[in-house]
Structures are given as structure tokens and as C-alpha cells.
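Notes to accompany the following structure.
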Amino acid sequence: MTTPTPQPALHPAPTHPLTLSRTTATATRVLRQLSHDPRTIALLMLIPCVMLFLLRYVFDGSPRTFDNIGASLLGIFPLITMFLVTSIATLRERTSGTLERLLAMPLGKGDLIAGYALAFGALAIVQSALATGLAVWFLGLDVTGSPWLLLLVALLDALLGTALGLFVSAFAASEFQAVQFMPAVIFPQLLLCGLFTPRDQMHPALEAVSDVLPMSYAVDGMNEVLRHTDMTAAFVRDVVIVAGCALLVLALGAATLKRRTA
């Protein structure tokens, strides 16, 4: 009787735990690449400021209108710009083959996503600080609460935009497709976040949808700072929800990250 040849045991592909050194190395590489792209830096840093500047003088005859919507848009503009830049930059890494080469090294998906989040998060700090400083101290945005709380919400919104951009880049095959995700991901949130009308005055079905969209809580958080001198429980809830959504979407981005575009 012939003895069957034993088959070699199958071992799962090795996984690389998230490490600080690989994450910071990835973030440094991303920042170095962005430093050679002045147009992207200008888009990230200047566009939110330019939009706030235009908005202030669109409502030059009605300063209270600027006060009412300026705080909300202070969070929305950074979210949109970070979404666009991050989704396109990540997709460019994949289509050029850079992502595949990186993941062939001892670099896990978590390291890559965390590195991107760290790099764009650093840019988001500068972007949010510029936009908040311009709105409050130059354009005269009148807020009852602390401008530092406005900065906190603007920063979390920018990080949320980064996370959403990293996530949707996995489903786009070209930079044009990445931009096409904006109407699907950003526009519904923009319409339902309470910027144009209070959410409790919407149709009940739309109000229910707005309750699960992170931009709604970003706008609510800005409005809390606009109306209250102290940090309220509602503000803390809004900040925690926005931060939690950003972390959740980053985790989904790591899970759906592709080595290459099909």
C-alpha cells in the first residue's frame, strides 16, 4: 500500500502589527512628497481661508448672517478639502505602484493608514488654525464660547475628511472617480447637516438620516460654541461622535485598502 505523501501545512500570511516607527516613517515620506507639490499645499491651506473671506463680504450688509453660518462652514470647508486631497493622493500612490511596493515590505495596512492620517492630520492642524484665526480675529466672527473650541471642532472635521478620503480611495479606479465620490459622500451630509435649516424642522425621514451623519454633529458642535460661553454636555457629545466616526472610518479604510487598482 502506498503511503500518501504528507501535504505541507498552510500558514496564514504574516501580519505586521502597528508600530510607531513604521507609522512615523510613512508620515514623514508623505509630508516630504507633499512638500514638492506647492499646488496641493496651497489647496489645503488657502482654499478654506479664501472661502471664508468671500463669505464674510458676501454678507457684508448682514454681519449676523455671517456669524450664524460662518462657524458651521469653518468646520465644513476643511472637511471637504481634506477629503479631496487625501482621496486623490492615496489613489495616486496605488495607481503608480508605490502602494504595492510599500506593502511588499514589512509595512502593514494599519501602518500605512495611520501614517497617512498622521501626515494629513499635521496639515489639518495648520489648516484649521489658519482658518479659525482668520475667521475670529480678522473677519470678526462673533462667537460666545472659546475660539479654541472652534479650533478643536475644525480640526476633528479635517481629520474626518482625511479618514473619508482614505476610505473612498479604495473604491475608485482613477482620480476622476475619486472626485465623483464627493456628490455621494459629501453633498448629502452638506444638505442634511443643519446648515440651511434646523434639522428638527426637516421631514422626519430626513431628520432620521441626518442623525447618523457625522457632519451633522460637527455643525451642532460649532453651534454650541456659537451660543454658549462654557463647554456643554452637548458639545462633548458632538466632539466624541465626530472623533469616533473618524476612527471608525480609518479602521474601515485599513480593512479595504487595495495594493493596486484593477
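The values are calculated or read from the model by the stated rules, or taken from the named source; none is laboratory data. All values reported here derive from a predicted model rather than from experimental measurement. Methodologically, a virtual Cβ is constructed for each residue, glycine included, from the backbone with ideal geometry; neighbour enumeration extends over all protein chains shown. Protein only, heavy atoms only, side chains kept; ligands, DNA and RNA dropped before computing areas. Shrake-Rupley method; radii C 1.70, N 1.55, O 1.52, S 1.80 Å.
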- Task: Kindly indicate whether residue 44 is assigned to a helix (DSSP H, G or I) and over 30 Å from residue 140 (Cβ atoms).
- Result: no
- Among (1) modelled with pLDDT under 80; (2) within 24 Å of residue 251 (Cβ to Cβ) - the single one residue 83 does not satisfy: (1)
- Give me the pairs: first residue in the range 56-71 and within 18 Å of residue 144 (Cα to Cα), second residue among the acidic types (Asp, Glu) and outside any helix (DSSP H, G or I), beta-carbon distance under 8 Å, and six or more apart or on different chains, which are they? 63/142; 67/142
- Task: Can you work out which of the residues in the range 185-215 that are out of contact with any helix residue (DSSP H, G or I) (no Cβ under 6 Å at 6 or more places or on another chain) and of a type in the set (Asp, Glu) is most open to solvent (accessible area, probe 1.4 Å)?
- Result: 200
- Query: Where residues in the range 216-255 are open to solvent by 20 Å² or more (accessible area, probe 1.4 Å) and of a type in the set (D, E, K, R), which of them is nearest to residue 82 (Cα to Cα)?
  - Reply: 220
- Task: Output the residues belonging to the range 123-152 that are open to solvent by less than 40 Å² (accessible area, probe 1.4 Å), more than 18 Å from residue 88 (Cβ to Cβ) and either aromatic (Phe, Trp, Tyr) or touching a Leu at 6+ places or on another chain (Cβ under 8 Å) (or both).
- Result: 128, 131, 132, 134, 135, 136, 139, 141, 143, 145, 150
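Across the range 134-173, what is the number of residues that are closer than 21 Å to residue 120 by Cβ and not acidic (Asp, Glu)?
Let us first name the residues in the range 134-173 that are closer than 21 Å to residue 120 by Cβ, namely 134, 150-172.
Among the residues that remain, those that are also not acidic (Asp, Glu) are: 134, 150-156, 158-172.
The number of residues fulfilling the criteria is 23.
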